[in-house]
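Nothing in this text is a laboratory measurement; each read-out follows from the coordinates by a stated rule. Nothing here was measured: the structure is a model prediction, and the numbers come from that model. Methodologically, a virtual Cβ is constructed for each residue, glycine included, from the backbone with ideal geometry; neighbour enumeration extends over all protein chains shown.
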Amino acid sequence: MRFKCLVVVALLIFPVLSQAKVFKIATEYPDGNAVLNELRDAGKRIEEATEGRLQFKFYPGGVMGDAIAVRRKIRIGQLSGAYIHSTALSYDFKNAQVLNAPLLFRNFDEVDAVRAEFDQELNQGFIDNGWHTFGLIEGGFAYPMTSVQVSSMEELKQQKLWLPANDSLSEQVAKAFEMNPITLNIGDVLTALQTGAINAIVAPPVGAIVLQWYSRTGFLTDAPFMYIYGVIALSERSLKGVADQDYEVLSRELKRSSERLDELARADNVKAFNALSDLGVEIVPLTDAMRADVEQDALEAVEKLIASGEFDADIYSRIVETLNGYRSNPVQ
């Protein structure tokens with residue numbers, strides 16, 4: 001009788017276990033970071049709401065490799081998705097890079113004006129090209145940081161500038177600006193700064209502080225060179241077999257987390273930018289002449305990026321139109 005009861009219990013439990021689907025998600029953020037904490041919380045909410053049918057396993061700290069390696073592992077099914085930089089998905093959706101156009105924005109107010117008009121279109125673009133995403137997540141502005149003060153684009157071009165390895169957009173941007181950067185993995189940047197192999201980077205303040213790069217630069221040129229954003233992306237393949245009601249839960253919770261992470265990133269980047277002065281980094285404002293200089297160079301670089309197929313002229317033109325409208329009548 002006891003054996004029969006165990007069999008019945010096992011039969012009742014087994015279907016639940018057999019139906020569990022585990023989503024394996026990679027991220028470069030380390031364990032214990034606020035971003036990863038939010039992702040884990042989302043996973044728990046989804047697991048509870050689906051009674052264990054959907055579960056999440058996270059691989060933090062870049063253990064799954066760089067963006068290229070992560071994308072490959074997603075394609076072969078080793079991973080389900082990632083919290084990843086938008087440009088890593090540009091192989092499938094090239095317009096993912098349009099917000100990364102050099103010197104597109106001057107401040108966060110302009111970012112907000114453009115994103116209010118284009119977030120939905122860009123998110124749908126990922127979906128139409130095989131990636132399920134749940135909203136854009138800000139990474140912030142990347143600024144030029146140098147060991148010597150620069151006062152023009154020509155002086156910046158003369159520096160030993162670091163370029164991330166396996167970053168096709170950065171390569172094209174550098175080429176468009178006629179720069180000859182030094183390509184390194186992120187883990188090698190601090191050593192290269194310490195030895196003088198490089199003396200300039202373009203990075204968000206948060207990253208420069210966390211990775212200690214600021215300690216070997218000393219100057220930040222207040223020109224938001226590039227706007228960075230990421231997405232929580234799941235492959236189409238990973239969602240096969242997920243019931244509609246469970247997907248609704250997953251979508252709702254990941255959208256909720258994307259919104260939270262977007263807000264968190266803005267606050268962190270503003271705080272980090274202000275903290276750099278206290279850490280001994282001199283913030284160098286743009287003169288009118290330098291602003292005109294760098295923005296003209298940026299326009300010429302964008303023309304080259306469009307010509308090389310990095311993103312479409314149509315969506316870039318519409319974004320510029322929105323920006324010009326905002327600049328002529330900014331919301332007070």
Would you look at the GNM of the chain, springs on alpha carbons closer than 10 Å, and say which of Pro60, Pro144, Pro285 moves the most?
Pro285
Distance cut-off 24 Å, percentage of C-alpha pairs in segment 2-327 lying past it
57
Not counting the cut sites, what is the longest span of the chain without GluC sites (Glu not before Pro) that DSSP labels loop and that have at most 15 other Cβ atoms within 10 Å?
52-177
About the Cα centre of the chain, how large is the charge dipole given +1 on each Lys and Arg Cβ and -1 on each Asp and Glu Cβ? Please answer in debye to the nearest 20.
1780
Long-range lysine pairs (8 or more apart or interchain), the chain, Cα under 19 Å
21
Between Glu259 and Leu190, what length comes free when the chain is fully extended (0.36 nm per residue of separation minus the Cα-Cα distance, one decimal in nm)?
21.7 nm
With labels modelled as points extended 7 Å from the Cα through the Cβ direction, what inter-label distance (nm, one decimal) is found for Ser328 paired with Glu48?
5.1
Extension gain from Phe219 to Val270, taking 0.36 nm per residue of separation minus the Cα-Cα distance
16.6 nm
Net charge contributed by nearby residues that have their C-beta within less than 14 Å of Ser215 (K/R +1, D/E -1):
-1
Contour minus Cα-Cα span, Arg291 to Ala165, at 0.36 nm per residue, comes to 42.5 nm
Report the calculated FRET efficiency for Arg40 and Gln78 (r = Cβ-Cβ distance, R0 = 22 Å), to the nearest 0.05.
0.60
Take every DSSP beta bridge with both residues inside segment 2-327 and express the antiparallel ones as a percent of the total, to the nearest 5.
55
Segment 52-114: radius of gyration and largest Cα-Cα distance (Dmax), Å:
15.4, 46
Need the C-alpha centroid separation for segment 18-73 versus segment 183-231, integer Å.
27
Taking a label point 7 Å from the Cα of Asp314 along Cα-to-Cβ, the residues of segment 90-120 whose backbone nitrogen sits under 17 Å from it are 93-99, 118-120
If you average the sequence gap of Cα pairs under 8 Å that are 6 or more apart and divide by the length of segment 2-327, what percent do you get for the contact order?
24
What value, in deg cm²/dmol to 500, does the helix sum -39500 (n - 2.57) over DSSP H runs of n ≥ 4 give at 222 nm once divided by the residues of the chain?
-16000 deg cm²/dmol
Counting only complete DSSP H runs, which helices of the chain cover 15 Å or more along their long axis at the Cα atoms and score a mean Kyte-Doolittle of 0.5 or above?
2-19
Take the chain, connect every pair of alpha-carbon atoms lying under 10 Å apart with a spring to form a Gaussian network, then pick out the residue of Ala142, Ala26, Ala116 with the largest mean-square fluctuation.
Ala116
